[in-house]
Amino acid sequence: MLWRPNGYPEAMGCCFVALASWISPRLALSIMWVFGLFDHRLSSAFSSFWLGLLGFFFLPWTTLAYAVCFAPLPEVRLDGAITPAGVSGFGWFVVIFAFVVDVMSYTSGEKARRDRYS
């Protein structure tokens, strides 16, 4: 993590991860892990290393969406309501959409293979 001269952490990396995700979700997750970007979010989103690793290989878009939409700390809104830590609200829509994209990527490959040989 980069630090500014005044002692606060440098808020960079979001755009780099977003650009990498357009190429590959696995590339974006690798960049997040290697460079420590969103490290607190990754470690709190996945309770074990193995869960994140399985998601990396089998459901990369879902894993990336869950890690990005995960709120590591509870949020207290202005009206006094507390939003719990984790994925909530619109974040679940994003995670479900990413799951559909993962499933479609597996099924479309099978359909293309079938069309090629028939």
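Values in this text are rule-based calculations from the coordinates and carry no lab data. No experiment lies behind these values; they were computed from the predicted model shown. With ideal geometry, Cβ positions are generated from the backbone for all residues, glycine too; neighbour counts draw on all protein chains shown.
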Packing-based ranking, highest mean first, of 105-114, 48-57 given that Cβ atoms within 10 Å are counted: 48-57, 105-114
What number comes out for the charge environment of Phe58, summing +1 per Lys or Arg and -1 per Asp or Glu over other residues with Cβ under 13 Å away? 0
Residue separation times 0.36 nm, minus the C-alpha to C-alpha distance between Ile23 and Phe90: what's the value? 21.7 nm
Ala71 neighbourhood, Cβ < 14 Å, K/R = +1, D/E = -1, net charge +1
If every Lys and Arg gets +1 and every Asp and Glu gets -1 at its Cβ, then about the Cα centre region 14-117 yields a dipole, in debye to the nearest 20, of 380
